[in-house]
Amino acid sequence: MKKYILALLILFNFVSNAQIDRVEPPFWWSDMNLSEVQIMFYGKNIAQNEVSVSSGLVIKTIQKTENPNYLFVTIDTKNVAAQDFVFTFKNGKKSFTQNYALKARRENSKYRKSYDSSDVIYLIMPDRFANGNSDNDSSKSTSEKSNRTNPGGRHGGDIEGIINNLDYIKELGATALWPTPLCEDNDEGYSYHGYGQSDVYKMDPRYGTNEDYVRLSAELHQRGMKNIMDYVTNHWGWKHWMYNDLPTYNWIHQFPGYSQSNYRMTTQFDKNASKIDTKNCMDGWFVPSMPDLNQSNPLVLNYLTQNAIWWIEYADLDGFRVDTYSYNEKEGISKWTKAITDEYPHFNIVGEVWMHNQAQMAYWQKDSKIGAIESYNSNLPSVMDFTLHDAIGNVFNQDNQSWDRGMIQVYDNFTNDFLYPNPDNLLVFVENHDTGRFNEIYKNDFKKYQMAMTLIATIRGIPQLYYGSEIGMNGDKGKGDADIRKDFPGGWKGDSNNAFSKQGRTAEQQKFFDFSSKLFTWRKSKDVIHLGKTTHYIPENNVYVYFRYNEKETVMVVINNNSEKQILKTNRFKENIQTYKSGKEVLSGKIVDLNTEIEIEGKSALILELK
């Protein structure tokens, strides 16, 4: 009989423990700035229980919602050493326990160095980059299975494939890696892009495990490189585990149910905007399959803040890129960003602010004087320079200069740098995973590629490269997103062309790679480019000339977008050339005499280190 009773007790304890299906965050750390942690316990009727915790830890508040399957328990970890604790849940005579850990932080974790203008960021679509482990191409726990014959399907790229090719990325001259989201996306189709996340505490099993992601960071750090997470605050996917059992009705924006965003981000600061238009921008859903998160709900904001900090600490991250930043509720996203940078003072975050006006983009950068007009500060350190991207997308097909065509468009972009609180911290790029491919727009014209890459490698800001362009990859945006997100050749066993190795590249691929690698490797050690001052000259005959300089060094850049050879009289640039007599061209090694004139071939660029 005693054995029978004992067995029943063990069974009861097992069943009771099963009442908790999720604990998020699953653990925390001691000695954090965010010491009051709101733990979400999820399980059938969990809210019917009284909660206590073992000695040494203080429960500040217990919050219930209209959904009895959730309990939000806030603990105070201030001055509490790393150790294990036990939560007890009691409902009448029944009780069960749940272990919880406070872990020790990495040494100097708070002051981790992030990415900055000394870096070059390499952007990849992980599903399309390299398949290092074919065993995880499909997963029992996710709906969409691997089908490489489907352009918009899962192709099998994974974390192991990224790790296997980090040396390739380093050889290219990149110093930081930005993979599009790696957390689970359980949509039935088109789940490969990862922006419809279904679990934000777990890597997608088709990419690997959380431990694999931690290993990716470690492998990058061993090579002196950085790991940037693509974080999504604005929405989740409709297959997110919470969506069918929301903690509160207003966890997401409801109208009720779905309403489309109008995508008019100008309503965020337009003094004349109607309230309904502003609401539909911020609260409307990005697409029907992506429920819009309500950052004005403190529970949601806490959840997103803690999740972001948890990943930084757990995976030893070096920065964030935040998707659709300016579609968030601007007060909520400002608090989210500040909480992260308060925790990590040097942590860089770049927000996707896809606008086409410098004043409107500058509004979103931290300490913007434009935002200050209405007492708003986004706290966002960096934004993406989309106006420069706009100019790059057409300027190199404009052989002849007019008042507003040709290289004057690039020049004019930089004349507005006074609008930005920190132009050195802008992300500069010729393309990304959502835009047209540069090599498609310009039909793989190598000379135009050279001019564009020379530009983003030598101007202010942080250059970002998109995977494959460095070997001449193209893709037609008009055929759909899958065409601009093709598989990297050589990333799969059996590929006829392996562009990850010199031996496997075609002559054309090698030409693109050699130029890119030499350019961006040179940039790595150039403080004058990273943080130097800029003087530029109004383009003449479609030739743009600018100087990057500091107290120790001067670099002269000449970009001739004219199809004809041009001769430049150097006396025009005397204020920067000063007493320098010659310049060494970075890529060719040739010495260029600066005494009277410079000759430059049509559709070409020069980078001169002045001597």
Flag if ASN377 is part of a loop (DSSP other than H, G, I, E, B) and either crowded, with 22+ Cβ neighbours inside 10 Å or on the phi < 0 side of the Ramachandran plot (or both): yes
Residues of segment 472-508 classified as under 27 Å from the mean Cα position of the chain (by Cα) and either among the acidic types (Asp, Glu) or more than 24 Å from GLU160 (Cα to Cα) (or both), total: 11
Complete set of residues in segment 177-213 that are assigned to a strand (DSSP E or B) and either aromatic (Phe, Trp, Tyr) or without any contact (Cβ under 8 Å) to a residue 60 or more places away in the chain (or both): LEU177, TRP178, PRO179, CYS183, GLU184, ASP199, TYR201, LYS202, MET203
Search result, residues across segment 399-416 that are assigned to a helix (DSSP H, G or I), of a type outside the set (Val, Ile, Thr) and in contact (Cβ under 8 Å) with a residue 60 or more places away in the chain: TYR411, PHE414
Single residue of ALA339, ALA362 found to be open to solvent by 10 Å² or more (accessible area, probe 1.4 Å), touching a helix residue (DSSP H, G or I) at 6+ places or on another chain (Cβ under 8 Å) and touching a residue at least 24 places away in the same chain (Cβ under 8 Å): ALA339
Test for THR74: is it touching a helix residue (DSSP H, G or I) at 6+ places or on another chain (Cβ under 9 Å) and of a type in the set (S, T, N, Q): yes
Residues of segment 561-575 classified as under 22 Å from VAL528 (Cβ atoms) and either open to solvent by 30 Å² or more (accessible area, probe 1.4 Å) or within 36 Å of the chain's Cα centre (by Cα) (or both), total: 3
Criterion violated by ASP424 - all others in (1) charged (D, E, K, R); (2) at positive phi; (3) part of a helix (DSSP H, G or I) satisfied: (2)
Residues (of a type in the set (Val, Ile, Thr), surrounded by 19 or more Cβ atoms within 10 Å (Cβ to Cβ) and more than 22 Å from the chain's Cα centre (by Cα)) located in segment 267-310: THR267
Residue list for segment 495-524, filter: over 22 Å from PHE429 (Cβ atoms) and assigned to a loop (DSSP other than H, G, I, E, B): ASP495, SER496, ASN497, ASN498, PHE500, SER501, ARG505, THR506
Residue tally, condition open to solvent by 10 Å² or more (accessible area, probe 1.4 Å), out of contact with any Ser or Thr (no Cβ under 6 Å at 6 or more places or on another chain) and part of a strand (DSSP E or B), over segment 38-64: 9
Of the criteria (1) over 30 Å from GLY224 (Cα atoms); (2) open to solvent by less than 50 Å² (accessible area, probe 1.4 Å); (3) of a type outside the set (Asp, Glu), which one ILE538 fails: (2)
Out of LYS584, LYS590, sole residue that is modelled with pLDDT of 95 or more and loosely packed, with under 14 Cβ neighbours inside 10 Å: LYS590
Identity of the residue in segment 98-127, buried (at least 23 other Cβ atoms within 10 Å of the Cβ) and of a type in the set (D, E, K, R), that ends up farthest from LYS239 (Cα to Cα): ASP119
Tally of residues being in a helix (DSSP H, G or I), farther than 13 Å from GLY490 by Cα and not hydrophobic (A, V, I, L, M, F, W, C) across segment 122-171: 9
Subset of segment 86-111 [farther than 30 Å from ASP318 by Cβ and in a strand (DSSP E or B)]: VAL86, PHE87, THR88, PHE89, LYS90, ASN91, LYS94, SER95, PHE96, THR97, GLN98, ASN99
Considering residues of segment 65-94 that are polar (S, T, N, Q) and open to solvent by 50 Å² or more (accessible area, probe 1.4 Å) only, the residue farthest from the chain's Cα centre (by Cα): ASN91
Cβ-Cβ under 7 Å pairs, at least 6 apart or on other chains, segment 109-138 side without any contact (Cβ under 8 Å) to a residue 40 or more places away in the chain and more than 25 Å from ILE529 (Cα to Cα), far side outside any helix (DSSP H, G or I) and open to solvent by less than 10 Å² (accessible area, probe 1.4 Å): GLY132/ASP158
Residue match in segment 196-209 (condition: touching a His at 6+ places or on another chain (Cβ under 6 Å), crowded, with 22+ Cβ neighbours inside 10 Å and among the polar types (S, T, N, Q)): yes
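The values are calculated or read from the model by the stated rules, or taken from the named source; none is laboratory data. The shown structure was predicted, so the numbers you read here are calculated from the model rather than taken from an experiment. Positions of Cβ are generated from backbone atoms using ideal geometry, with glycine treated the same way; all protein chains shown enter the neighbour counts. Side chains are part of the model used for accessible areas, which takes the heavy atoms of the whole protein and leaves out ligands, DNA and RNA. Shrake-Rupley method; radii C 1.70, N 1.55, O 1.52, S 1.80 Å.
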